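In what follows, a structure is listed as C-alpha cells, so that the remarks can point back to it.
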Amino acid sequence: MNPQPPIPPTAGDGVPVSPGGSEPPPLLHIERLSTPPTRPSARGPVPWIAGIVSGLVLVGGGIVLGIGIGSSGNAGRTEVAGGIVSTPAATTAAATPTGTPTATATPAATPTTSKPSARPTYRTLSARQWKQLAKDPDSYVGRTYLVYGVVTQFDAATGDDTFRADVGPKNMADDWDYETNTLLTGTTRQLRNVVDDDEFRANVTVLGSFSYDTQVGGNTTVPLLRIDSIRIL
C-alpha cells in the first residue's frame, strides 16, 4: 500500500502555506493593481488640465502686466501676438528738470509815468518890477508873467508869428500909457487874428533880450517874450 502524500497545512483563511513556512505575497496588492482605474468625476478638475490652465493664467497675467507697463511708461512699445516688441518712439517725452533753480527771476520794474508838470503861474508885476525886467531881460529868462500891451507893428517885416508892441504890467486906460517897446513871438495859429493897434492881455515867458535894426538905420535892444496864450481886449 502506497503511503498518502502529506496534506499541506492551511492557514485559517484557506490560503496554502508554503513548505518552507513563508507566506506568498498578499493577493490584496495584486487585486488593487488589477482593478481598472476609477474614472474621475466630471465635477473635479483633471490634474494635468488644471496644470495647463494654471500655466496659461500665469502667462496671460505676465502679458497683461507687460502691456500695462508698456502703455504707461513706454510709448514706443507695440503689442503683438504673444508679447511686446520695442519700437522706436515716435515722440520724445518732455525732459523733467533735474534741479530746482536757485535764483528767482525778478519782475521787470514797472515803468513810472511822470506826472505832467504843473501849469506855470503867471505873476503880475508892479510898475517898478516891470522896469527892472525891461532894463535887464537876460536876468529873467524862463520866468513867467502876465502882461498887457498894444500892437505897434505886425506886417511882412515882422512875419506872421512875431510882432512889436508897447507893453506894461497893467491894463492901462490909454494906449500911449504902455511904455516899453517889446518883441513878442508865438505861433501863426495863436496870432492869426492879431493885427496892428489891437490891445491884448498875454501870459508870457521871458526869453531874454533881442537886438534888431530899425527902419531909420539904427539898432535897438528890447525884451523878447514868448506868448503862451493871448486874448484881445
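With the requirement that a residue be touching a Leu at 6+ places or on another chain (Cβ under 8 Å) and open to solvent by less than 60 Å² (accessible area, probe 1.4 Å), what does segment 119-145 give you?
Residues satisfying the conditions are TYR122, LEU125, LEU133, PRO137, TYR140, TYR145.
Residues GLY159, GLY218: which one is surrounded by fewer than 20 Cβ atoms within 10 Å (Cβ to Cβ), modelled with pLDDT under 95 and on the phi > 0 side of the Ramachandran plot?
Only one candidate qualifies: GLY159.
Here is a check on your reading of the model: is TYR122 at pLDDT 95 or above and in contact with a Phe, Trp or Tyr (Cβ under 8 Å, 6 or more places away or on another chain)?
The answer is yes for TYR122.
The values are calculated or read from the model by the stated rules, or taken from the named source; none is laboratory data. Every value quoted in this text rests on a predicted model; they were computed, and no experiment measured them. We place every Cβ from the backbone using ideal geometry, glycine too, and count neighbours over all the protein chains shown. Surface accessibility is based on the protein's heavy atoms, side chains included, excluding ligands, DNA and RNA. Shrake-Rupley method; radii C 1.70, N 1.55, O 1.52, S 1.80 Å.
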